[in-house]
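Data first, discussion second: the structure below is written as structure tokens.
The values are calculated or read from the model by the stated rules, or taken from the named source; none is laboratory data. Here the structure is a predicted model, which means the values were calculated and not measured. Don't worry about glycine lacking a Cβ; one is built from the backbone with ideal geometry, like all the others, and counts go over all protein chains shown. Please note that ligands, DNA and RNA were not included when accessible areas were found on the heavy atoms of the full protein model with its side chains. Shrake-Rupley method; radii C 1.70, N 1.55, O 1.52, S 1.80 Å.
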Amino acid sequence: IFIILGGIAAAVVGISDRKKENDRIIRRKRDLVYDYSEVVSKLTLLLEAGMTTRMAWHKIACDYRNKTNHGDLKRPVYEEICTTDYNIQAGISEIKAYEQFGKRCDTREYMKLATLLQTNIKICWKKKPVTLLKKERTWHG
């Protein structure tokens with residue numbers, strides 16, 4: 001009888017753990033989508049100010065790190081931006097780093113943003129991606 005009760009208890013704990021993990025994933029995706037317009041707006045503003053995509057990305061990561069060091073709550077997309085920034089500093093190509101960023105975020109919005117950033121690097125647009133980011137900001141804002 002103890003074996004049966006132990007098996008039932010293990011099954012209940014396993015189901016509970018899966019539900020908690022599933023709830024965490026849903027909350028994370030909701031937070032990612034919620035912050036999307038803000039991220040696009042920040043990128044657009046910095047690019048319009050004359051920064052390169054790389055410099056703008058690094059500035060967003062640094063600003064976020066400073067805020068969290070002073071007690072602000074952590075946000076999933078900014079954690080991913082910091083990870084991407086670290087990866088680029090460690091020598092991963094920007095194209096690969098932005099691709100990984102989109103995959104880690106795993107939402108349609110961030111996959112599109114990652115593709116815009118990669119395309120910008122691959123074809124070296126004469127115009128900065130500001131126009132497309134403005135359209136993206138308008139669509140989501």
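Structural remarks
- Sole residue being surrounded by 19 or more Cβ atoms within 10 Å (Cβ to Cβ), in contact with a Phe, Trp or Tyr (Cβ under 8 Å, 6 or more places away or on another chain) and either of a type in the set (Asp, Glu) or at pLDDT 95 or above (or both), chosen from Leu32, Leu117, Leu43: Leu32
- Taken together, the residues in the stretch 39-75 that are within 17 Å of Leu116 (Cα to Cα), assigned to a helix (DSSP H, G or I) and polar (S, T, N, Q) amount to 3.
- Leu32 vs. criteria of a type outside the set (Ser, Thr, Tyr) and in contact with a Leu (Cβ under 8 Å, 6 or more places away or on another chain): no
- Residue that is modelled with the lowest pLDDT [pool: residues in the stretch 58-87 that are open to solvent by less than 70 Å² (accessible area, probe 1.4 Å) and farther than 16 Å from Cys105 by Cβ]: Gly71
- Taking first residues from the stretch 98-111 that are assigned to a helix (DSSP H, G or I) and partners that are crowded, with 16+ Cβ neighbours inside 10 Å and among the charged types (D, E, K, R), the Cβ contacts under 6 Å between residues at least 6 apart in sequence or on separate chains come to Phe101/Glu80; Arg104/Glu80; Cys105/Glu80.
- Within the stretch 83-97, residues that are closer than 22 Å to Asp63 by Cβ reach partners that are open to solvent by 60 Å² or more (accessible area, probe 1.4 Å) and modelled with pLDDT of 95 or more with beta carbons closer than 6 Å, at six or more positions or on different chains, in the pairs Asp85/His58.
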